[in-house]
Structures are given as structure tokens and as C-alpha cells.
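Shown next, in C-alpha cells, is the structure this report addresses.
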Ligand code: GLN
Ligand code: ZN
């Protein structure tokens, strides 16, 4: 190739794509519902891309990325780019969305979390039969669209090593490199100067064979005759031993996450370093001294300023947040504000320092918790107090959220519905849920969580130390977004949060009703948290607030309290060396939240995701009396590893992600399989997860079959 083009002085690794007002969500959902055409969806996509490039250029950013837009997921886009579309989807009306969401006949591709974020990607399915074949329409189309607007861009593509590692198919490396070479040559022919290949998998522990694959991949791509200059981006941590490997290949630029990782000792003379000094994972303003110090400590031929990762993980702009406290707002930066920081750092006009928050309380610190009585003692006390049948049937907490309730919440916020009227509607919904469960014959009831917009935001709204946003949406998967609260100060609980609803629900029935709380790790994981305290101290503060709620529920006569921790797995550090420490404090925080409960109070916990088997020891260490866990969705795979589990366990008996009603026989067979590996006296019967996204019709039919299956097995005891 010709002499290396100069890398722009400022860039970002990627940008949000759902639209500042979630335009893509609306367009997708309308297309899926058959209310609009594919052409209309593509038009919205093109508009969003145009807006993004124009805005980034206006803000003064030099290096504009392209191909960071996606109609659903960039990993799925990469599979399509490389021709890795499994045969069974090819005849679907729309193969892309068939892979993403399934059809009546086809299950979708498996979905899982993107590294340690709450973004989910579709796992590419690659077998020996997969034939890789380049289909470069999307990246080329985006380059051309931007060029027509007067913008030269750098296409962003997932790199071959990460792509194959995510698919568990690194052995196909040599086969996939061909299409990558063709892509490079097509981009070069298009006049593209730089291409960005993302390799976040290189910040995880890698074996010598995997590192050798990195070397092979980038030596081969580097040797391509006609190609743009190569920029290999890493993020979410330190490259560690992968850095010298990459540095030894002909790639022209390497991206380093200097927020999570330190400035490497390595001498990178000869390379450009794209220095990620503005965090793409939090919402805080960048401390300019720290960023400038990192920039000047890097030893390379050229250092340019960037974000630590794609800005996909933060909301669009603070300009859409009129209700945030101005003092807090001063400390914040969302995507647009972060771009402005990158630009200012690149121009070396130091961006103004963020004001230092007033911290009050000393950090809670990893405080000890008292031990609950041994499980056997608790189990006996609870059995006497609860009088449950064997194989008790329960649910995970939420019941379908009706459109009326969501509209009522919006009306309260808009000031058009009095709070008291809203609360009466919530009570009416609770009563309906209780009556339904009684009629169906469930054993442990729930109130259905109708008062919650979201299992984290609801608590954030009722705790001091958190702020919630009006438009701070972040893509979770496909058209789904969450609005993570901002945990900015010391956490405390000014008043009981759930006691009112739990006691109302219990007043309607003689059956036990579970009090329902979100655990400290999950509340923290699904919020943007302050970075001036170690994460574990923040989690302990939240744990103390939940602990007070547990005490109050117990004093109000609630006999079973569930503290959910679906995000326990997500925060697991990417490097093994740090995992033990994390699991230790995460478990300690959970126990601190729950250990104030007396022996007669039954503590439940709930976890999602079938890859929980990796952390089963930690789940056991939570010491909950009953653990409910996703199982049916993955065909009961988890049953293979739970035989050592010492307390109550409810492996889900049906997948709540699908509208399908499970048959009695299906549920019965999953229960029989559970009974082969666990003592029957410790098995609970429940769906995989909450029922919030289902309809009442589906829920009623499904739970009726679950109760019938449990009764059949009980009759044999
Ligand atoms: N209790 C919550 C619910 O049922 C749990 C949700 C979750 O696990 N993500 O909705
Ligand atoms: Zn769940």
C-alpha cells in the first residue's frame, strides 16, 4: 500500500444508533407489526446515520466512523457481512430479522451479553458447513452515503478473532480471512483511507494458541496488496499480552482503553495509538489532567484522542434532560458532550474541569454481616411457619404490565392524574393478580409488581443518591432500551419503598405473598455509578438500603422476601485474576442485604441466563433459602450442574421469552428431570423469569399447566 495516511486527531469508536427520541425503536416495531414497509425502515435508518455524521462534524470531530449503525446488532451484521447465515433462515421472508427474533417456525439465534455490558448480541452460529462469503453492501453503502453528504468516514467492522471467539469457532480463522481480505480490497477501491477492526476479545485472558491466531490474522491482513490502513481497536480493559503480539504485526494503528487499562510500558514507535481517554462506559465528565497525562505518557509515533469504547453505552445528550439538578448536570457528559471533550483534548485546549461533588458520609466499606442460622434450622422454622406442600408453585414476581398502567404512570408524571387515583389503580391490579393466582392454585403468591416501571429504576426513584433521566435511553438489544439511573452520591433510603404494596397484597389472601426487591449488585450494575469510590463500596451502600427494606417488610409480617440478582454474572470481571475478589464482595453484599432476616423468614433470590453455571458456587454462597433460575430456555442444561446445590432450587419450567404456552407434559418432564438430580423436598416450581412482557391470556394458560404438572408429581409422593 501507499504511504500510511495520517490518522485524524480526534475520533470516537462508535455512536448510539437507536435515535435521540428512539426513532429506530418505533420504526422497527412498526415494521415488525406489519404497519410499515422495509423501505420505510431503511429510510429511518438512513436519516439517523445522516444526523449522526452531521452532528459529529458540527461538534468538530475529525475522524467520523461509519458502519456503526445497525438495524438490530453489529455482531449479527458481521455474520451477514461474512455470509454466516445458517441455512434454515435463508428462505424466511426477512432472514436478518428471522435470525434476530425468530419466526413462527424458527427460533432466533442465541442472544447473550456483550462482554461486561448490558448490551446483548446475537451469537453467530458457525459450523463446519458454514461457507464464508463476503457481502459488503452495508459498509460500502454507509461509506457512500456519508460521502454524498461530504463526509469521509472510517468503516468499523468487528475483527476476525473476536468474531470467531464469540461464535466459539476460532478454528475457522483461515477460512474467514479470505472475505476480510476481499473487504479490505473493496474498501480500498472505494478510496477508504482507514478501516477500524474491533477486537475487544483481546482484553480477556487468551491462550497462547489464541494469541498466535491474532498474529496470523493481522500478519495476513497486513500483507494484503490493496487495503486501507488498519486500525485495530481494543476496549473494556487492558490488552496485556496481546499488545506486543498486535504491535508485532503490520497494523498501522492500535486502539487502547486508557480509562479501564493503564498506559502500557511498551514502546509503540512506528504505530499510531488511538488513545481512549474519554470513557464510553460512564456518564461523568473527563478529568482533563488525567486524560492529558495519559496522552503524553503513551510512547508512539502518533497519539490521537478517542473514547475508551463505542458511545453506544451512553445516552445521546444532556440537552434532553431539563429536569436534572443543575449541580449534578455540571458533572455529567453523555455522548454529545463526550465528543466535545474528545475534540477539546485533541486541540489541547484543556476542557474545563468538572466541579468536585460534595461527598458527605464516609464510604460504607465492605462491612461484615451477621450469619443467619444454619440452613437446616431455617428450613425447619420456615416449614412450620409457611406450611407449604412439596413442589410449591410460585412465579418470579412480575405479571403482565398493561398499557393502561403505563399510561397512568405517564399521566401522573404529566400532572393530569392525581397520585391517589394512580395508587387505587395499582391496588386494583394487585387484587386482580392475587385473585388470579388463587384461582390457578399457586402456593406462594406475588403482588405482580404493577407499580414498577423497571426493577432498577423504581428503586432508584425511591432512594437518595440516585437521579433518573427523562430521555437517557441506552440500547439493550434490538429495539429494547433501558434508562439507567445515575448513582451520583451516598445512597440512603428515606422511607420504606415496597412495604405498602406488599402488605396490601398480603391483606387480600391467606396464602403467603413474597415481598419483592432488587438486589444491590443488580441495582448498581444497571445504573451509571459514581467513580470516586470503589465499586464494592457503592454496592455495599445499596446493600444497606435494601437491608433496611428487608427489615421493614419482615416487621410488617411479610414471611417470604425475594431479593433478585439477575446481574450477578454480568459484572464478573473479564480477566480471571479479578473474578474471585469480585465474587467475594458481591456475595458479601447480598448477604449483608439479607442476613438481617430472622430464621423464620424465607429469603428467595432469582437469577437469569443459562450461563449461570459458571458462578454456581457463588450463587450457593448467597445463602438464599430458595433460588429460582432460568433453565427451560436452555433445555434444562443447568440441571447437569446443580446436584450439589444445598438449598431450595426452582429451575424454570418454561421459557417466558416466547408467547408459547407450555404443555403439562413438557413441564412434567422438566420436573422429573429436576427430581433426578435434586431431593424432591427442595424443588420449587416456577417459570424461567418474570411475566411482565407476556399477556394475561398466555400467563393464565401457562400457569394452569404448571400447576397441573406439579400436582401430578405431588400425587406420586
Ligand atoms: N422480579 C423480577 C420480575 O419478575 C425479576 C426480573 C429479572 O429477573 N430480570 O420481573
Ligand atoms: Zn429473570
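Listed values, structure above:
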{"quantity": "The range 572-626-the range 480-510 distance, computed between alpha-carbon centres (Å)", "calculated": "21"}
{"quantity": "Acute angle (nearest 10 degrees) that the helix 576-594 long axis makes with the longest principal axis of the chain, alpha-carbon atoms", "calculated": "30"}
{"quantity": "Normalised per residue, the volume of the convex hull around the Cα set of the chain (Å³)", "calculated": "158"}
{"quantity": "Relative contact order of the chain, pairs being alpha-carbon contacts under 8 Å that are 6 or more residues apart, as %", "calculated": "12"}
{"quantity": "Prolate/oblate/rounded call for the range 197-316, Cα gyration tensor, a/c under 1.5 rounded", "calculated": "prolate"}
{"quantity": "Degrees separating the helix 208-222 axis from the principal Cα axis of the chain, which is the longest one", "calculated": "40"}
{"quantity": "Convex hull (Cα only) mean projected area of the range 74-152, reported in nm² to one decimal", "calculated": "7.0"}
{"quantity": "FRET efficiency estimate (nearest 0.05) - Cβ-Cβ, residue 152 to residue 531, R0 35 angstrom", "calculated": "0.50"}
{"quantity": "Bins of 5 Å from zero: percent of alpha-carbon pairs in the range 390-441", "calculated": "4, 17, 23, 19, 14, 9, 7, 4, 2, 0"}
{"quantity": "Value of [θ]222 nm, deg cm²/dmol, for the chain, DSSP H segments ≥ 4, -39500 (n - 2.57) each, nearest 500", "calculated": "-12000 deg cm²/dmol"}
{"quantity": "Rh (Kirkwood; distinct C-alpha pairs) - the range 94-205, Å", "calculated": "15.9"}
{"quantity": "The range 611-685, relative contact order in percent, only Cα pairs under 8 angstrom and at least six apart counted", "calculated": "33"}
{"quantity": "Protection proxy ranking of 414-422, 378-386 - average other beta-carbon atoms within 10 Å, highest first", "calculated": "378-386, 414-422"}
{"quantity": "Principal semi-axes in Å for the range 435-481 [√(5λ), Cα gyration tensor, largest first]", "calculated": "30, 16, 7"}
{"quantity": "Cα-only Debye scattering, the range 246-287: base-10 log of I(q)/I(0) at q = 0.23, 0.27, 0.34 Å⁻¹", "calculated": "-0.80, -0.98, -1.29"}
{"quantity": "For the range 202-251 versus the range 60-115, the gap between their alpha-carbon centres in whole angstrom", "calculated": "24"}
{"quantity": "Cα shape, the range 519-671, gyration tensor, a/c 1.5 rule", "calculated": "oblate"}
{"quantity": "Three-way shape label, the range 403-542, alpha-carbon gyration tensor, a/c 1.5", "calculated": "prolate"}
{"quantity": "Peptides 119-127, 161-169 ordered by average Cβ neighbours within 10 Å, highest first", "calculated": "161-169, 119-127"}
{"quantity": "Exposure proxy ranking, count of Cβ atoms within 10 Å, fewest first, for 205, 531, 688", "calculated": "205, 531, 688"}
{"quantity": "Cβ crowding within 10 Å averaged over residues, with 12-23, 461-472 ranked highest first", "calculated": "12-23, 461-472"}
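Values quoted throughout were computed directly from the atomic coordinates according to the rules given, and no laboratory measurement underlies them. Predicted model only: the values in this text are computed from it and were never measured. We place every Cβ from the backbone using ideal geometry, glycine too, and count neighbours over all the protein chains shown.
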